[in-house]
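None of the figures in this text is laboratory data; all of them are computed from the coordinates on show. What you are looking at is a predicted structure, and each value in this text was computed from that prediction instead of being measured. Because the Cβ atoms are built from the backbone with ideal geometry, glycine has one as well, and the counts that use them run over all protein chains shown.
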Amino acid sequence: MQIQLHHTHIFASDMEATLGFWQDMFGAKVLFDTEIAGARNVMIAIGSGRMNIYDQPPREGRGGAFHHIGIQTDDLDALTEHMKGKGFRFQRRIREHRYLRYIMAMAPDNILVELFQVLPESASPEGQKPLKRAFTFDDID
């Protein structure tokens, strides 16, 4: 049996603006665009991760345990510069915490996005192997 985290599912009050954000900022590719359960559903890929976007506005009073979407990069400076070049404005600067660099950004419909870079070489020798496994860009065995 194989198990993997497959996708995050979000609502969109403006599907075209939402798709544009993920495509322009992160190079998202549309995997499918179809009607499911009476509404347009678009599955996109960002690297090896997926997101399903449901063409309905976010529901009031709901959100459950959803906090943010994490997007990993191997060059946080280049990604933030790319986004700034597209007109995106960050509210804060990049933060650094030992082996982690990150910055938070707000996507359409108030979806909090964490952009992060892991620097395993900054961790202790015994901490490097688990970091490399948890944050690899390759398929996990």
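What 222 nm value per residue comes from the helices of the chain, counting each DSSP H run with n ≥ 4 as -39,500 (n - 2.57) and dividing by all residues, nearest 500 deg cm²/dmol?
Working: 3 runs with 32 residues, N = 141.
Taking each H run of at least 4 residues, the total per residue is -7000 deg cm²/dmol.
Which whole-number percent gives the relative contact order of the chain, counting Cα pairs below 8 Å spaced six or more residues apart?
Numbers: 197 pairs, mean separation 28.5, N = 141.
Value for the chain: 20 percent.
Taking the simple approach of a point 7 Å from Cα along Cα-to-Cβ for both K132 and L119, what is their distance in nm?
Here the modelled spin labels are 1.8 nm apart.
Calculated from the structure, Cα extents along the principal axes in Å equals which of (i) 48, 37, 26; (ii) 75, 37, 25; (iii) 52, 43, 29?
Read-out from the structure maps to (iii).
If the reach is capped at under 25 angstrom between alpha carbons, list the lysines near K84, excluding any in the same chain fewer than eight residues apart.
K29
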